[in-house]
2 protein chains.
Amino acid sequence: MSIDPPGFELPLRLFLGFRVLIDELHAELARQGHPHARPMHGFVMQAIGTEGTTAVELGRTLGVSKQAAGKTIETLERLGYVERARDHRDTRRKIVRLTPSGVDMLVRSARIFDDLRARWAAVIGDERLRALEADLRKVTPQDVFRLDVPGWFGA
Amino acid sequence: MSIDPPGFELPLRLFLGFRVLIDELHAELARQGHPHARPMHGFVMQAIGTEGTTAVELGRTLGVSKQAAGKTIETLERLGYVERARDHRDTRRKIVRLTPSGVDMLVRSARIFDDLRARWAAVIGDERLRALEADLRKVTPQDVFRLDVPGWFGA
DNA sequence: CAAGATAGACAACCAGGTTCACTATTACCG
DNA sequence: CGGTAATAGTGAACCTGGTTGTCTATCTTG
């Protein structure tokens, strides 16, 4: 029959948990040869997927304008994570595809996230972690990609 | 004996949970007369506290440069949430203090966060919510203010 | 009292987002 | 079949909120 914590702790803890995972991911990615990876890069590349996509499509997936998506693609291209080729069936379109380096980054990220999850499981217990994930699924939207991550904070 | 979800779901769910709470907070704040409140404003004002602070101090608390803290204070000042007065014992310093409107916003935020937490409790159960918070405390840093919230995502 | 530290402010820059405007290409329909 | 409408990409101008560097004014201290 303990007293409830103040309501503002919950969002803070959620955000801190997110930050801890993301920070550790990128520290480890840097060690594994991806020092320029940024939090949103992996996320965007996941949205690009193995099939490739276009700027307009990516913008829709991420919930940002096509111009913003275009800028992000440019950055990723400079870093060598994606490449663009024109679509021969529709010469307006430019297909964005992951390069081997981009795929490597995603593969490593997946492995690191699994390791981090295992570390959490070791701390709080396997059952509790699964319960935590199940509970969060109940109070969050299903569509995991429409984070509107970029820019949501200042808007 | 179910299969573990992929590790990348955990950070996403944490972030989504955070976003849901913050978005609902600001929708409700807008309804209650604070339509210009932004996610970081409440956070920064919490860091300013009832005692007041200075730009340099605030920057240290938040983990940003004093210039960035100064810009944020300007914004808050334009919105009428804080005011600056010079310190008579050290005329270099300018003390930043919450205005009544700023205090009102914080008070309302606290109440709304409590309500939102209660809604989560109704969905996943009181015990489970407490367990979730307790577990997150185990895997996140104690110092809740050094979020480095502003700008961490792009850096 | 001179030298160093500190507070605040200004400028230039960067990242990433927005909207508006424009071109090139494709799709549709009378 | 051809003209109109829709779509893909790009550029420009602007906003926010961060950064570093520099400068002045004001303590603080040896």
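For chain B, which span is the longest to avoid every loop-located (per DSSP) member of trypsin sites (Lys or Arg not before Pro) having at most 12 other Cβ atoms inside 10 Å?
B:1-88
Once you charge only the Cβ atoms, +1 for Lys and Arg and -1 for Asp and Glu, what is the size of the charge dipole of the protein assembly as shown about its Cα centre, to the nearest 20 debye?
In total the dipole reaches around 980 debye.
List the distances, in nm and shortest first, from the label point of A:A118 to the matching label points in every other copy, placing each point 7 Å from Cα along the Cα-to-Cβ direction.
4.4
What does the charge add up to near A:A110, with Lys and Arg as +1, Asp and Glu as -1, over the other residues with Cβ less than 13 Å from its Cβ?
Around A:A110, the charge tally is -3.
Go through A:L79, A:G42, A:L132 and say which Cα lies farthest out towards the positive end of the charge dipole of chain A; charges sit on Cβ, +1 for Lys and Arg, -1 for Asp and Glu.
Checked the options; the winner is A:L79.
Taking amide H atoms as placed 1.01 Å from N in the peptide plane, list the residues 5 or more away in sequence, or in a different chain, whose amide H sits under 5 Å from that of B:R93.
Those lying under 5 Å, H to H, from B:R93 are B:D87.
At A:D4, label 7 Å along Cα→Cβ: distances to the other copies, nm, ascending?
List, nearest first: 3.3 nm.
Over 20 Å apart: what share of the alpha carbon pairs of the range B:11-139 falls there, rounded to a whole percent?
I get 53 percent for the Cα pairs in the range B:11-139 exceeding 20 Å.
Just to check I understand the Karplus step: with θ = phi - 60° and J = 6.51 cos²θ - 1.76 cosθ + 1.60, what whole-Hz values come out for the range A:17-26, glycine and proline as x?
Result, ordered by residue: x, 4, 4, 4, 5, 5, 4, 5, 4, 6 Hz.
For the range A:53-74 and the range B:41-86, compute the distance between their C-alpha centroids and round to whole Å.
The two parts, judged by their Cα centres, are 34 Å apart.
Nm distances between the label at B:R137 and the same-position labels in the remaining copies, 7 Å along Cα→Cβ, shortest first?
Result for B:R137, in nm, nearest copy first: 2.7.
Just to check I understand the Karplus step: with θ = phi - 60° and J = 6.51 cos²θ - 1.76 cosθ + 1.60, what whole-Hz values come out for the range A:52-64, glycine and proline as x?
x, 7, 10, 4, 4, 4, 4, x, 5, 4, 8, x, 10
Say each of B:K138 and A:R89 gets a label point 7 Å from the Cα, pointing the same way as Cα to Cβ; how far apart are those two points in nm?
5.2 nm
How big is D, in µm² s⁻¹, for the protein assembly as shown by Stokes-Einstein at 25 °C and 0.890 mPa s if Rh is the Kirkwood radius over C-alpha pairs?
115 µm²/s
Is there a quick way to get the dipole size of chain B? I mean about its Cα centre, with the Cβ of Lys and Arg at +1 and of Asp and Glu at -1; what is the value in debye to the nearest 20?
Value, rounded to 20: 600 debye.
If one puts a single equal scatterer on every Cα of the range A:49-92 and applies the Debye formula without solvent, what log₁₀ I(q)/I(0) results at q = 0.20, 0.23 Å⁻¹?
The calculated log intensity ratios at q = 0.20, 0.23 Å⁻¹ are -0.66, -0.86.
Could you size up the charge dipole of the range A:55-128 around its Cα centre, putting +1 on the beta carbon of Lys and Arg and -1 on that of Asp and Glu, and report it in debye to the nearest 20?
In debye, rounded to 20, the range A:55-128 gives about 400.
Any idea what the relative contact order of chain B is, in percent, if you count C-alpha pairs under 8 Å spaced at least 6 apart?
23 percent
With the dipole of the range A:7-155 worked out from charges on the C-beta (+1 for Lys and Arg, -1 for Asp and Glu) around the Cα centre, which of A:F18, A:P141, A:T54 lies farthest toward the positive end?
Value computed over the given set: A:T54.
Every number in this text was worked out from the coordinates using simple rules, so none of it is lab data. Since we're looking at a predicted model, the values are computed, not measured. In this analysis, Cβ positions are derived from the backbone assuming ideal geometry, glycine residues included, and neighbour counts consider all displayed protein chains.
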